[in-house]
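> For reference, the structure I am asking about is given below.
The values are calculated or read from the model by the stated rules, or taken from the named source; none is laboratory data. Quantities reported herein were computed from a predicted structural model and do not represent experimental measurements. Virtual Cβ from ideal backbone geometry, glycine too; neighbours counted across all protein chains shown. Just the protein is used for accessible areas: all its heavy atoms, side chains included, with ligands, DNA and RNA removed. Shrake-Rupley method; radii C 1.70, N 1.55, O 1.52, S 1.80 Å.
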Amino acid sequence: MALPEQSSIGAFLAAHPHVDGVEAFVFDIAGAPKGKWLARDKALTIDAKGLPIPLSVFAQDAWGCDVADAGLAFGTGDPDGLGFPVVGRFALMPWLDGHRAQAFLALCDGTGAPAAADPRGALEAIVARYAARGLTPVVAVELEFYLYRLEDGVPVPPDGSRQASWLRNDTLSTSALAAYQGLIDAIMAAARDVGIPADGVISEAGPGQFELNILHRADAVAMADDAMLMRRIVRGLAHKHGFGATFMAKPYGEASGSGMHIHASLNDGDGMNVLADPATGAPADMLFHAVAGLVAAMPETMLAFAPNANSFRRFRPDAHAPVSAGWGHDDRSAAIRVIDGSKAGGGAKATRIEHRISGADANAYLALGAMLGAMLQGITDGQMPPPPQDPLNPGAGEPLPVEWGAAIARFAGSGKAAEMFGQRLVDIVVACKRQDRAAFLSHIDRFEYDTYLPLL
């Protein structure tokens, strides 16, 4: 990436004279991009003036309808915030025909501070608390998704072999990668252009399921940006190549779910990982304090990792989606996996925590915020976690609220979540998800009729 052209939208447009329009957007609570299409001349003004966008964009349900209980759209005059471009994130949009570029925005309120309803601003505040301690989170993300085709409005595997697909496990299949080489190459190229350090793709277990690995960054906000922008790239380019792409947590009941695993370590001012013993690379006490915080907060903050109705279809025993707030040493069946760099190779830099609860459908700012916020709470309290779970008998730890209504209720009443995100953002998220859930509860599907009409 040429850094001079990324210093401002003006510099980017000067380097790309063929661009005649810009899509300027933010990500809402559900993770959907919301914004405006601007003519080139109008886009040149947003470096200095910003772009007015209603703050109520962060108080919409999954269908884009205003959420009255969030208190942003009604009874307030529905005021605007100002969106300013995030430097380094300008890029062309190869999934659209024509000469169009994108400008990703951060939304500020009337005082110039990050909007209280914006999860990105909340994550920035959490990272700032680490900085006040002289610490920098180093994070990486593994993001899973499915390619599909539609038949009668229902997703099916992209190769069309629906019946055989459920019996096949494509984990690490190089043939599956080769079958979609054109699309995968386009995704990786677009990621590079927008500054995402994606360093690998693997085929996952499900039919048409893949995982993108995003290389670790000493910038948690940028990593959350990476995850959100990557979802946009994948969906856009898949459509151009004749497929659908979804980050639903469980698009098929019969196949593997899609997660967003988050890896984290902590560096001090000298770039040393404080979660590891500097001499041996083995986990230090601070790592276990962080694990204690994660275990304690996870039941209350489940909604940050599983925000949607479909999210909870992922959680079941023996499915690599843990149902209890436990942890283990290099244990992929646990919610929290502790990776020992002295054993795994890589020494102290490789010692880290892997958080394995979040679905690919989560808002990355909320998911990273809940993880890093809980780690900081644990470090502040200085407690040690309960014993690790037995891999032969997983399930240690407090049961997680693996039902949507219960997760919403726990998040709504969580002092830990309010400390991480601020009570205002917690209330907005809860209001949005309650409205989503009410709509789902009012809908009766065909399976329910087929079950109960003959029976009752």
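> I'd like the full set of residues that are buried (at least 21 other Cβ atoms within 10 Å of the Cβ) and under 30 Å from residue 4 (Cβ atoms), limited to region 199-213.
Result: 212, single match.
> Right, something else. So which residues in region 431-456 are without any contact (Cβ under 8 Å) to a residue 24 or more places away in the chain and under 16 Å from residue 30 (Cβ atoms)?
Taking region 431-456 as the starting set, the residues that turn out to be without any contact (Cβ under 8 Å) to a residue 24 or more places away in the chain are 438, 441-456.
Passing the criteria: only 438.
> Would you mention how many residues in region 1-34 are among the acidic types (Asp, Glu) and out of contact with any Phe, Trp or Tyr (no Cβ under 9 Å at 6 or more places or on another chain)? Even if it seems obvious, please write down each step before you answer.
If we filter region 1-34 for residues that are among the acidic types (Asp, Glu), which is where we start, we get 5, 20, 23, 28.
Cutting the leftovers down to out of contact with any Phe, Trp or Tyr (no Cβ under 9 Å at 6 or more places or on another chain) gives us 20.
Counting residues in region 1-34 that are among the acidic types (Asp, Glu) and out of contact with any Phe, Trp or Tyr (no Cβ under 9 Å at 6 or more places or on another chain) gives 1.
> Suppose the filter is more than 19 Å from residue 267 (Cβ to Cβ), open to solvent by less than 20 Å² (accessible area, probe 1.4 Å) and of a type in the set (A, V, I, L, M, F, W, C); does residue 396 pass it?
On the way: more than 19 Å from residue 267 (Cβ to Cβ): yes; open to solvent by less than 20 Å² (accessible area, probe 1.4 Å): no; of a type in the set (A, V, I, L, M, F, W, C): yes.
Against the criterion (more than 19 Å from residue 267 (Cβ to Cβ), open to solvent by less than 20 Å² (accessible area, probe 1.4 Å) and of a type in the set (A, V, I, L, M, F, W, C)), residue 396 does not qualify.
> Could we say that residue 296 is in contact with a Lys or Arg (Cβ under 8 Å, 6 or more places away or on another chain), of a type in the set (A, V, I, L, M) and surrounded by 22 or more Cβ atoms within 10 Å (Cβ to Cβ) here? Let's see the steps before the verdict.
On the way: in contact with a Lys or Arg (Cβ under 8 Å, 6 or more places away or on another chain): yes; of a type in the set (A, V, I, L, M): yes; surrounded by 22 or more Cβ atoms within 10 Å (Cβ to Cβ): no.
When the stated conditions are applied, residue 296 does not pass them.
> So, one more: Can you name the helices (runs of 4 or more DSSP H) wholly within region 377-456 that have at least 2 residues being over 30 Å from residue 55 (Cα atoms) and modelled with pLDDT of 95 or more? Spell out how you get there, then give the answer.
On the way: elements: 404-412, 415-421, 423-441, 446-452.
Qualifying helices (runs of 4 or more DSSP H): 446-452.
> Test each condition in (1) more than 19 Å from residue 6 (Cβ to Cβ); (2) modelled with pLDDT under 95; (3) not aromatic (Phe, Trp, Tyr) for residue 193 and report the one that comes out false.
Status for residue 193: all satisfied but (1).
> Criterion first (open to solvent by less than 20 Å² (accessible area, probe 1.4 Å) and under 30 Å from residue 438 (Cβ atoms)) does residue 334 satisfy it?
Numbers: open to solvent by less than 20 Å² (accessible area, probe 1.4 Å): yes; under 30 Å from residue 438 (Cβ atoms): no.
For residue 334, the condition - open to solvent by less than 20 Å² (accessible area, probe 1.4 Å) and under 30 Å from residue 438 (Cβ atoms) - is not met.
> Still on this structure, please answer the following. Is it fair to say residue 160 is touching a strand residue (DSSP E or B) at 6+ places or on another chain (Cβ under 8 Å), surrounded by fewer than 16 Cβ atoms within 10 Å (Cβ to Cβ) and either farther than 25 Å from residue 7 by Cβ or touching a residue at least 24 places away in the same chain (Cβ under 8 Å) (or both)? Let's see the steps before the verdict.
Working: touching a strand residue (DSSP E or B) at 6+ places or on another chain (Cβ under 8 Å): yes; surrounded by fewer than 16 Cβ atoms within 10 Å (Cβ to Cβ): yes; either farther than 25 Å from residue 7 by Cβ or touching a residue at least 24 places away in the same chain (Cβ under 8 Å) (or both): yes.
Taking the combined requirement at face value, the residue satisfies it.
> I would also like to ask the following. Answer yes or no: is there a residue in region 76-99 that is farther than 25 Å from residue 235 by Cβ, among the aliphatic types (A, V, I, L, M) and buried (at least 21 other Cβ atoms within 10 Å of the Cβ).
Within region 76-99, not a single residue is farther than 25 Å from residue 235 by Cβ, among the aliphatic types (A, V, I, L, M) and buried (at least 21 other Cβ atoms within 10 Å of the Cβ).
> If we only count helices (runs of 4 or more DSSP H) wholly inside region 97-199, which ones have 1 or more residues that are in contact with a Ser or Thr (Cβ under 8 Å, 6 or more places away or on another chain)? Steps first, answer last, please.
On the way: elements: 119-132, 162-165, 174-179, 181-193.
Of the helices (runs of 4 or more DSSP H) lying wholly inside region 97-199, those with at least 1 residues that are in contact with a Ser or Thr (Cβ under 8 Å, 6 or more places away or on another chain) span 119-132, 174-179.
> Give 253, 259, 326, 281 a once-over and let me know the one that is at negative phi, modelled with pLDDT under 95 and open to solvent by less than 10 Å² (accessible area, probe 1.4 Å).
On the way: 253 fails: open to solvent by less than 10 Å² (accessible area, probe 1.4 Å); 259 fails: modelled with pLDDT under 95; 281 fails: at negative phi.
Answer to the selection: 326.
> Pick from region 421-456 the residues that are surrounded by 10 or more Cβ atoms within 10 Å (Cβ to Cβ) and of a type in the set (Phe, Trp, Tyr): which of them is farthest from the chain's Cα centre (by Cα)? Walk me through how you get there before you give the answer.
Residues of region 421-456 surrounded by 10 or more Cβ atoms within 10 Å (Cβ to Cβ): 421-441, 448-452.
From what's left, of a type in the set (Phe, Trp, Tyr): 421, 440, 449, 452.
Working: 421: 16, 440: 23, 449: 35, 452: 37 Å.
Here the answer is 452.
> From the list 170, 185, which one is farther than 30 Å from residue 290 by Cβ and open to solvent by 40 Å² or more (accessible area, probe 1.4 Å)?
Numbers: 170 fails: open to solvent by 40 Å² or more (accessible area, probe 1.4 Å).
Every option except 185 fails the conditions.
> Another question, if that's okay. Could you say which residue among 205, 227 is of a type in the set (Gly, Ala, Ser) and part of a helix (DSSP H, G or I)?
Numbers: 205 fails: part of a helix (DSSP H, G or I).
One residue alone meets the criteria, 227.
> Say whether the condition of being small (Gly, Ala, Ser), at pLDDT 95 or above and closer than 22 Å to residue 242 by Cβ is met by at least one residue in region 167-177. Break it down into steps so the answer makes sense when it comes.
As a first pass, look at region 167-177 and keep what is small (Gly, Ala, Ser): 173, 175-176.
Then drop every residue that is not at pLDDT 95 or above, which leaves none.
Within region 167-177 (the criterion being small (Gly, Ala, Ser), at pLDDT 95 or above and closer than 22 Å to residue 242 by Cβ), the answer is no, since none of the residues qualifies.
> Can I ask one more? Quickly run through region 356-376 and pick out the residues that are in a helix (DSSP H, G or I) and of a type in the set (D, E, K, R).
Of the residues in region 356-376, the ones in a helix (DSSP H, G or I) are 364-376.
None; the set is empty.
> Specify which of the listed residues (281, 271) is over 29 Å from residue 401 (Cα atoms) and touching an Asp or Glu at 6+ places or on another chain (Cβ under 9 Å).
On the way: 271 fails: touching an Asp or Glu at 6+ places or on another chain (Cβ under 9 Å).
Testing whether each residue is over 29 Å from residue 401 (Cα atoms) and touching an Asp or Glu at 6+ places or on another chain (Cβ under 9 Å) leaves just 281.
> State all residues of region 349-380 that are touching a helix residue (DSSP H, G or I) at 6+ places or on another chain (Cβ under 7 Å) and open to solvent by 40 Å² or more (accessible area, probe 1.4 Å); if no residue qualifies, say none.
349
> Still on this structure: Would you pick out the residues in region 117-143 that are of a type in the set (Asp, Glu) and open to solvent by 20 Å² or more (accessible area, probe 1.4 Å)?
Keep residues of region 117-143 that are of a type in the set (Asp, Glu), which gives 118, 124, 142.
Residues satisfying the conditions are 124, 142.
> Do the conditions hold for residue 148, that is, is it out of contact with any His (no Cβ under 6 Å at 6 or more places or on another chain), aromatic (Phe, Trp, Tyr) and open to solvent by 10 Å² or more (accessible area, probe 1.4 Å)? Before you say what the answer is, go through the steps one by one.
Values: out of contact with any His (no Cβ under 6 Å at 6 or more places or on another chain): yes; aromatic (Phe, Trp, Tyr): yes; open to solvent by 10 Å² or more (accessible area, probe 1.4 Å): yes.
Judged against the criteria, residue 148 is a match.
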